[in-house]
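K.L.:
Would you mind keeping the following structure in view while I ask a few things?
The values are calculated or read from the model by the stated rules, or taken from the named source; none is laboratory data. Small disclaimer: the values here were computed from a predicted structure and weren't measured. Cβ: placed from backbone, ideal geometry, glycine included. Neighbour counts: every protein chain shown. Note: accessible area is taken over every heavy atom of the protein model, side chains too, but ligands, DNA and RNA are not part of it. Shrake-Rupley method; radii C 1.70, N 1.55, O 1.52, S 1.80 Å.
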Amino acid sequence: MRYSLRARQEEIKLLEYILEKFGQKSAKEVYQKIEEVLDIISGMPEIYPASRKQKGLRKCVFSKQTSLYYRIQDDYIEVVSFRANRKSPKKFKS
């Protein structure tokens, strides 16, 4: 599993936001959920649907508020982005 620079930065921002708004316990729970989802993706990379708009991307609705986008490469999985579900998909550029 590899992260794009963008995905790593977005994950940090997400966790910082949760820490600030909801506290350390909630931030830890979200981090653990991210790790669980990534473990599932590692074992079954095609479990989540392919994006209809961005070829090669798959979308995991991680929570009501956030989706995780990833792509399957030849020998690894790349986490591309963490996106707020409320943002317009037209503004998403991979």
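K.L.:
Kindly express, to the nearest 10 degrees and within the range 0 to 90, the angle between helix 5-22's C-alpha long axis and the longest C-alpha principal axis of the chain.
P.N.:
30
K.L.:
With a 1.4 Å probe and all protein chains left in place, how much of the accessible area of the chain comes from carbon and sulfur atoms, in whole percent?
P.N.:
C and S fraction of accessible area: 49 percent.
K.L.:
Placing +1 at every Lys and Arg Cβ and -1 at every Asp and Glu Cβ, with all other atoms neutral, what dipole size does the chain have around its Cα centre, in debye to the nearest 20? Walk me through the numbers on the way to the answer.
P.N.:
On the way: 21 positive and 12 negative charges, 163 e Å.
Computed about the Cα centre, the dipole is about 780 debye.
K.L.:
Another question about this same structure. So if each residue of separation counts as 0.36 nm, and I subtract the Cα-Cα distance between Phe22 and Ala50, what length gain in nm does that give?
P.N.:
Gain on extension, Phe22 to Ala50, equals 6.9 nm.
K.L.:
With a probe of 1.4 Å, find how much accessible area the chain has per residue, and write the answer as a whole number in Å². Please report the intermediate quantities before stating the final value.
P.N.:
Numbers: 6810 Å² over 94 residues.
Result: 72 Å² per residue.
K.L.:
Here is a further query. Taking amide H positions as placed in the peptide plane 1.01 Å from N, state which residues far from Thr66 in sequence (5 or more) or on other chains have amide H under 5 Å from it.
P.N.:
HN-HN under 5 Å from Thr66: Asn85.
K.L.:
Just to confirm my numbers, what's the Cα centroid distance between segment 27-41 and segment 52-85 in Å?
P.N.:
Going from one Cα centre to the other spans 14 Å.
K.L.:
If you line up the long axis of helix 24-43 against the longest principal axis of the chain, both from Cα atoms, how many degrees apart are they, to the nearest 10?
P.N.:
20
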